[in-house]
Amino acid sequence: MTSIDKRQALPTGTVVASYGRRFSVELAGGLLITCVTRGKRTNIACGDHVDVAMTGDEQGVIEATQPRASLFYRSDIQREKLIAANVTQVIVVLAASPAYHRELLDRCLAASEEAGIQVLLALNKMDLPTSAEALRSLALYRDLGYEILALAAKVDLAPLRARLAGHTSVLVGQSGMGKSTIINRLVPEAAARVGDLSLALGSGRHTTTHAQLYHLDAATHIIDSPGLQEFGLQHVGPEGLARCFVEFREYLGKCKFNDCKHLSEPGCAISAAAERGMISPARQETYRTLVGQLMRKARRW
Ligand SMILES: Nc1nc2c(ncn2[C@@H]2O[C@H](COP(=O)(O)OP(=O)(O)OP(=O)(O)O)[C@@H](O)[C@H]2O)c(=O)[nH]1
Ligand SMILES: [Mg+2]
Ligand SMILES: [Zn+2]
């Protein structure tokens, strides 16, 4: 035979690590190869299923991305930052020390709602004395229907392990919350770098610099991701944002004005609900901050 059959199916694989422009892809047979993309394409995430053209024994080019079941990402004004593809569960890892930021949590929740991915809140470091108070501060989220798991990854991972089975989960959250510590307990051979808290706190440095997928068993996978400092929601857009706040939903469509932004318009059902104590001031404040940011972007608004 002199010509290569172009119709021959390309090897397929899963992106198990994303370094921005370079990717580790695990082929269906288990071989791990290093891949680049065609042109300047970077919209590929850890967890993506891809078609690969081999360019060497352990090298290839990603030719195509297969349709995604889900995509968890954030977006600044300039660009989108893909965090994980095809996950079935977002686990927001929180801690009392360093203190978690409530607004960042709200942003992660909104992005999960937008992507239609179920969320679990894991309050880690329950062995620290200040954690009991942090757990109480999360009662609001339990009332909203989010599940809260109290955890001490350094001591016992059993409570979390039970919540992972059959899922592809992504661990997200600020730097220093203990995401990689969880990974190392789950996958001892992972040897993910774990931060020295005293160093991380001072410099704001992130220990984990790229997303990495690990297999726990054939049906259970987990992705470690770099610590989040910010979480833009430009992709949600002002119209969709209110729907991403679960407690707003029952009031949507009941405002006096169809195009109500739920800020200070007369006859706003959201503001009325907040005044009656049905919506927490903290969540309303996050919503207003986000709308303000989106409005500055969209001139129409
Ligand atoms: N006391 C206590 N410390 C913990 C626990 N889990 C993690 N830590 C500590 O928290 C620090 C940060 O842990 P990492 O796992 O590196 O945090 P990370 O979320 O992966 O941070 P980035 O990679 O920067 O996003 C380390 O010093 C861990 O030892 C825990 O359950 N209890
Ligand atoms: Mg880490
Ligand atoms: Zn309104």
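The values are calculated or read from the model by the stated rules, or taken from the named source; none is laboratory data. Everything numeric in this text was worked out from a predicted model, so none of it was measured. Ideal geometry is used to build each Cβ from the backbone, glycine not excepted, and the neighbour counts take in all protein chains shown. What goes into the accessible areas is simple: the full protein's heavy atoms, side chains included, and nothing from ligands, DNA or RNA. Shrake-Rupley method; radii C 1.70, N 1.55, O 1.52, S 1.80 Å.
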Largest-first ellipsoid semi-axes for segment 237-297, taking √(5λ) over the Cα gyration tensor eigenvalues, angstrom: 16, 13, 11
Quick one: net charge around Gly178, please, counting Lys, Arg +1 and Asp, Glu -1 for every other residue with C-beta under 9 Å from its C-beta. +3
Would you mind telling me which residue in Pro98, Pro188, Pro226 has the biggest mean-square fluctuation in a Gaussian network model of the chain, where springs connect alpha carbons within a distance under 10 angstrom? Pro188
Summing +1 for each Lys or Arg and -1 for each Asp or Glu, what net charge is found among the other residues whose Cβ lies under 15 Å from the Cβ of Gly29? -4
Net charge (Lys, Arg +1; Asp, Glu -1) of residues whose beta-carbon lies under 12 Å from that of Val50, Val50 excluded, is -1
Where Rh is the Kirkwood radius over Cα pairs, Rg/Rh for the chain: 1.01
Using a Gaussian network for the chain with springs between C-alpha atoms less than 10 Å apart, which of these wobbles most: Ala115, Ala218, Ala274? Ala218
Heavy-atom accessible area per residue - segment 12-65, 1.4 Å, Å²: 48 Å²
So, for segment 237-297, what is the accessible surface per residue at a probe of 1.4 Å, expressed in square angstrom? 53 Å²
Given the -39500 (n - 2.57) contribution per DSSP H run of 4+ residues, what per-residue ellipticity at 222 nm results for the chain, rounded to the nearest 500 deg cm²/dmol? -7500 deg cm²/dmol
Expressed in whole Å with the largest first, what are the equivalent ellipsoid semi-axes of segment 71-224 derived from the C-alpha gyration tensor as the square root of 5 times each eigenvalue? 20, 19, 18
In whole percent, and with a 1.4 Å probe on the protein chains, what portion of the accessible area of the chain is carbon and sulfur? 51 percent
Can you give the accessible area per residue of segment 71-224, in Å², using a 1.4 Å probe? 43 Å²
Does anyone have the angle between helix 102-115 and the longest principal axis of the chain? Alpha-carbon axes, 0 to 90°, nearest 10? 60 degrees
